[in-house]
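The values are calculated or read from the model by the stated rules, or taken from the named source; none is laboratory data. Keep in mind that what you see is a predicted model, and the values were worked out from it rather than measured. Quick reminder, even Gly has a Cβ in these numbers, built from the backbone with ideal geometry, and neighbours come from all protein chains shown. Only protein heavy atoms, including side chains, enter the accessible area calculation; ligands, DNA and RNA are left aside. Shrake-Rupley method; radii C 1.70, N 1.55, O 1.52, S 1.80 Å.
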Amino acid sequence: MSASPRQPSVLPGFNLTLGLAVGYLSLIVLIPLAMAFLKAFQLSAEEFWAIVLAPRVLASYRLTFGTAFLAAAINTAFGLIVAWVLVRYRFPGKRLVDALVDLPFALPTAVAGITLTTLYSSNGWIGQFLKPLGIKVAFTPSGIVVALVFISLPFVVRTVQPVLEDLEAEVEEAAASLGAGRWQIFRRIIFPAIRPALLTGFTLAFARAIGEYGSVIFIAGNLPMVSEITPLLIVGKLEQYDYRGAAAVSVVMLAISFILLLCINLLQRWGRLRQV
Amino acid sequence: MSIEIQGLHKRFGAFAALDDINLTIPAGQLVALLGPSGCGKTTLLRIIAGLETADRGNIFFDGEETSGRHVRDRQVGFVFQHYALFQHMTVFENIAFGLRVRPRASRPPEPRLRAKVEELLSLIQLESLAGRYPSQLSGGQRQRVALARALAVEPQVLLLDEPFGALDTKVRKELRRWLRRLHDELHVTSVFVTHDQEEALEVADQIVVMNCGRVEQIGTPEQVYDAPATPFVYQFLGHINLFHGRAHSGWVRLGGLRLRAPEYQDARHVPALAYVRPHDIDLLREPEDRDSTLTATVSRVSILGSLVRLELLQTPGGEIAEVEMTRERYAADPLKAGDLVFVKPRQLRVFLQQDAESTSPVHWGGHGDGI
């Protein structure tokens, strides 16, 4: 399907659309990112490594990527269930629930953060029941996971939903007529069909959670080494006019994110290659 | 395994999809459910499979009531019009699926399973494509895989829902002959749904003609074609000519034609319809006697391969009739457009119009187009 500019193609506008796409991506993504790199490379190598490998910074990477991964994983499981319920069953208020799913996108993340903090603090509606069990959510890393789960909920639901809707009922009927039980049908027929969408949803949720700032800073408590996320560290450096230090940490974060997303994409492609 | 269906009813909202279906399918036969789209044939097939439940009525497999049994426990093989293959599995795995999902105790060991699948692959003549995915196969190949997949579990009954409906004409013809041969080898009780009368006539042992949720006629291909039980069957199977006239005290008068019809002894000037197949008509140059022929003029002659089709315009009334004859017979007396002929039906079936109207729409004075 690849159209090279030399080969005449039936589809018009190759040069125009490619030019626009590249120009747009440069303007929106590449140039700002290049700025961060340029700023970071004003540092000497020793300075750069000293900043990005400082213990406090290392702890923040672990926290940021760990909580983002956990939140994305939780949403993959529960997002699948939400999508399943929305596609497979009819119940009163279904449209309302469907609309509710998108709400975390629309809500200012700071509002989400403050609300969740209030709910999960030791005297909040939910927090007061967790306290006797010895579970502290607000102002701990678990609080970060809660906030990230909230803001990344729609991704898995919205990527899996259309694929589930397109699944032919006949394929499941065929499996049932061949003697497969419900669980076997899910595991062998439905799950392989939605796996790519599930992985895409996971990737989107993961990427979104890595970059999340607004909601997390309210619920995290922001203790250095314990509950301080990398984006907060970067903002902290900016506030101290340490632009180059902020750029250095950003560059590392970008690099890790890029490598992780690339890996997931490769996984996706590998999965597809096995099928076709 | 024989299938017996008693008093089956099914409604979708206000629409009666099946209305009192009674049917017996003897073991080992290949039966066609034939009818126009929306006549309930697919619904009936799906109820037999257990993919749909009836509102009322019973289905017996070998005398055993099955209504309460789940589709996975019915031991039916189901083949869908659009194949419904598992896209993410190879041809081999598709066929093996039914064996792999068996409970551990009855699951065949891997070598036996492989042997079984390979045997089925050779049956469908696709040994070389075992490693392909369904998206890499042609429609005919996909349907053969779907059939092998259904046969892998050794079903007691094979149900096929318009199995050749999505294929082009040539593949369709090949595949239905192949299905017939396969059935002659395996003798598994099979029911297939079709709206294609040619397909039903060619392949089936028995044809069940359905219309509007009811069974119109059950019989061998010869029976339903030569002796249709209702006007609907007449119109649905093959081409027909329709003449209208009146029945009165055991006689039917159609234009100049007067016929004995002892079954309508009690009729008093009741409008009647007569059905004649285009190949059941003789054309004469001279009138035989007053009451046995209609007069008409030839309006068009078309030569269709081995057949010649003549279009006639009846002189009184102007109704159009179609006649088919072989090339040899036409050559013996080549009629031309404009010739006056005397029409003598060799075989003709009369239905009173109230019956006819209650069962089917009627083309006035035209010719039914066999679908």
By the scheme Lys and Arg +1, Asp and Glu -1, what is the net charge of all other residues having a beta-carbon under 12 Å from that of A:A247?
-> +1
Once phi is turned into θ = phi - 60°, what whole-Hz ³J(HN,Hα) does the Karplus curve with 6.51, -1.76 and 1.60 give for every residue of the stretch A:183-195, x standing for Gly and Pro?
-> 5, 4, 5, 5, 5, 9, 10, 6, 4, x, 6, 9, 4
For the residue pair B:A105 and A:F129, what label-to-label distance in nm results when each label sits 7 Å from Cα along the Cα-to-beta-carbon direction?
-> 4.3 nm
Given the Cα-Cα distance of B:L340 and B:A227 and 0.36 nm per residue of separation, how much length would full extension add, in nm?
-> 37.6 nm
Calculated diffusion of the stretch A:37-94, Stokes-Einstein form, Kirkwood radius summed over Cα pairs, 4 °C and 1.567 mPa s, µm²/s | 86 µm²/s
Buried area at the B-A interface (accessible, heavy atoms, 1.4 Å probe, summed, Å²) = 2000 Å²
Partner chain coverage, peptide B:22-33 - average Cβ within 10 angstrom | 0
For the stretch A:45-275: accessible area per residue (Å², 1.4 Å) = 52 Å²
Once Rh for the protein assembly as shown is found with the Kirkwood sum over Cα pairs, what is the Stokes-Einstein diffusion coefficient at 37 °C and 0.692 mPa s, in µm²/s?
-> 104 µm²/s
re the stretch A:45-275: pairs of Cα atoms spaced beyond 34 Å account for a percent value of 27 percent
What does a probe at B:T295 reach in the stretch B:258-287, counting residues whose amide N is under 16 Å from the point 7 Å along Cα→Cβ?
-> B:258, B:284-287
What is the packing order of peptides B:343-351, A:147-155, taking the mean over residues of other C-beta atoms within 10 Å and listing the highest first?
-> A:147-155, B:343-351
With Cα springs under 10 Å, the Gaussian network model of chain B assigns the largest mean-square fluctuation among B:L147, B:L307, B:L179 to B:L307
Obtain the radius of gyration and the Kirkwood radius of chain B from its C-alpha atoms and give Rg over Rh.
-> 1.07
The summed charge of the A:E165 Cβ neighbourhood (under 13 Å; Lys/Arg +1, Asp/Glu -1) stands at -1
Just order A:90-102, B:270-282 by mean Cβ neighbour count inside 10 Å, highest at the front, would you?
-> B:270-282, A:90-102
What share of all Cα pairs of the stretch B:82-155, in percent, falls into each consecutive 5 Å distance bin?
-> 3, 18, 32, 26, 14, 6, 1, 0
HN-Hα J couplings of the stretch A:96-104 from phi, Karplus 6.51/-1.76/1.60, θ = phi - 60°, integer Hz, Gly and Pro as x?
-> 5, 4, 4, 6, 4, 4, 7, 4, x
Listed by chain and number, the lysines with an alpha carbon less than 28 angstrom from that of B:K41, same-chain partners under 8 positions apart left out, are B:K10, B:K170, B:K173
Packing-based order for B:83-96, A:21-34, B:291-304, A:69-82, using average beta carbon neighbours within 10 Å, highest first = B:83-96, A:69-82, B:291-304, A:21-34
Whole-angstrom gap from the stretch A:18-94 to the stretch B:11-83, using each part's C-alpha centre | 54 Å
Within the accessible area of the protein assembly as shown (1.4 Å probe), percent carbon and sulfur | 60 percent
Förster radius 51 Å - calculated FRET efficiency between B:S37 and B:E286, Cβ distance, rounded to 0.05 | 0.65
Environment charge at A:V226 (Cβ cut-off 15 Å; Lys +1, Arg +1, Asp -1, Glu -1) = +2
